[in-house]
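> Please read through the structure below; I'll follow up with questions.
The values are calculated or read from the model by the stated rules, or taken from the named source; none is laboratory data. Quantities reported herein were computed from a predicted structural model and do not represent experimental measurements. For neighbour counting, all protein chains shown are included, and Cβ atoms are generated from backbone atoms with ideal geometry for every residue, glycine included.
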Amino acid sequence: MNNQTSNKIKCIAVDDEPFALKIIEEFCNQIPSVELTHCFNNPVEANQYLQHHKPDIVFLDIRMPDISGIQLAETIKSLPFIIFTTAHAEYAVKSYSLDAIDYLLKPFDFERFYKAIQKAEKHLRYVNQDIASKAEKDFITVKADYMNIKINIDDILYIESVDNYVKIHVQGKHYMPQLSMKAVLDILPIERFIRVHKSYAVARNKVSFFNNKQLTIDDISIPIGRTYLPGFKDAMQ
């Protein structure tokens, strides 16, 4: 593996097939901006590692013994960017519901692998904005429809996940940058927005009504996922 360099993108790979891990390591070694720090052929060990460490990217196989890649992704509280690697195309839709950056269908070549890395780098550029300046800003800038669009944070009502895009809803219109829900939430002030469903996040101060199943913003009903309900209720106290 590469020597550790602080400005490199830190990655880990989880796959029960040693050959698959070797391919990922070889491909990572060909990209100067990437450092593969750990490889795991046991998803349980990977899960333990991820409870205490947060790499930038996790290359994650889906079909593995004991814990599937999908189950592993669902248990991680603070998700890094995930690139699923699998020989089974039927998992693609489920992987994007978990805000996966990309889905590599085995066997993939270096060109396809590099495109996934480029997509992850694009998302990381948004996430790595200075946290202090983010808190002070009253707007975010996203790229949509081939333009850089400035959106006032106070105008945002809610955010909806649609495949590998999101819809950022403001009064009377929406914008669709090619970003994951996670990437958008990472550039918004954490104290002002909260995820309430795998497909929705909302501006807390725009919520006019809620119960245990849904909330209302500007006469629009938004579902509340069961796993998100306790955190949402605490945030709205």
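> Scan Ile168, Ile194 and give me the residue that is outside the structural domain of Ala120 (by TED's automatic domain parsing) and either hydroxyl-bearing (Ser, Thr, Tyr) or more than 24 Å from Tyr146 (Cβ to Cβ) (or both).
Every option except Ile194 fails the conditions.
> Across region 195-237, what is the number of residues that are in a loop (DSSP other than H, G, I, E, B), on the phi < 0 side of the Ramachandran plot and charged (D, E, K, R)?
Qualifying residue count for the region: 3.
> Select from region 153-169 the residues that are in a strand (DSSP E or B) and among the aliphatic types (A, V, I, L, M) and list them in ascending order.
Ile156, Leu157, Ile159, Val162, Val166, Ile168
> Quick test of your reading of the structure: Glu74 fulfils all but one of (1) in a helix (DSSP H, G or I); (2) among the acidic types (Asp, Glu); (3) farther than 17 Å from Ile101 by Cα. Name the failing condition by number.
Every condition holds for Glu74 apart from (3).
> Filter region 211-222 down to the residues that are touching a Leu at 6+ places or on another chain (Cβ under 9 Å) and more than 19 Å from His174 (Cα to Cα), then identify the one that is surrounded by the fewest Cβ atoms within 10 Å (Cβ to Cβ).
Asn212
Here is a yes/no grid of residues against (1) surrounded by 19 or more Cβ atoms within 10 Å (Cβ to Cβ); (2) hydroxyl-bearing (Ser, Thr, Tyr); (3) part of a loop (DSSP other than H, G, I, E, B):
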{"residue": "Cys28", "(1), (2), (3)": "yes, no, no"}
{"residue": "Pro32", "(1), (2), (3)": "no, no, yes"}
{"residue": "Glu45", "(1), (2), (3)": "no, no, no"}
{"residue": "His53", "(1), (2), (3)": "no, no, yes"}
{"residue": "Val58", "(1), (2), (3)": "yes, no, no"}
{"residue": "Arg63", "(1), (2), (3)": "no, no, yes"}
{"residue": "Ile67", "(1), (2), (3)": "no, no, yes"}
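> Now for a separate question. Given (1) free of Cβ contacts under 8 Å to residues at least 12 places away in the same chain; (2) of a type in the set (Lys, Arg); (3) more than 20 Å from Leu105 (Cβ to Cβ), where does Lys54 come up short, assuming only one miss?
Evaluating Lys54 over (1) free of Cβ contacts under 8 Å to residues at least 12 places away in the same chain; (2) of a type in the set (Lys, Arg); (3) more than 20 Å from Leu105 (Cβ to Cβ) leaves (1) as the failure.
> Separate question: So the check is Cβ under 8 Å with 6+ separation or different chains; which pairs have a first residue in region 161-185 that's free of Cβ contacts under 8 Å to residues at least 40 places away in the same chain and a second one that's acidic (Asp, Glu) and assigned to a helix (DSSP H, G or I)?
Val170/Asp155
> Suppose we keep only residues that are among the charged types (D, E, K, R) and exposed (fewer than 12 other Cβ atoms within 10 Å of the Cβ) within region 223-237. Which one would you say is farthest from the chain's Cα centre (by Cα)?
If we take residues in region 223-237 being among the charged types (D, E, K, R) and exposed (fewer than 12 other Cβ atoms within 10 Å of the Cβ), then Asp234 is farthest from the chain's Cα centre (by Cα).
> Within the set of pairs 6+ apart or on separate chains, which have a first residue in region 226-237 that is in the same structural domain as Tyr200 (by TED's automatic domain parsing), a second that is part of a loop (DSSP other than H, G, I, E, B) and loosely packed, with under 11 Cβ neighbours inside 10 Å, and C-beta atoms under 7 Å apart?
Leu229/Asn212
> Which one is modelled with the highest pLDDT, of the residues in region 101-133 that are among the charged types (D, E, K, R) and assigned to a loop (DSSP other than H, G, I, E, B)?
Asp109
> For Ile140, indicate whether it is surrounded by fewer than 18 Cβ atoms within 10 Å (Cβ to Cβ) and not in a helix (DSSP H, G or I).
no
> So how many residues does region 64-78 have that are out of contact with any Leu (no Cβ under 8 Å at 6 or more places or on another chain) and either farther than 24 Å from Pro107 by Cα or free of Cβ contacts under 8 Å to residues at least 40 places away in the same chain (or both)?
Of the residues in that region, 7 qualify.
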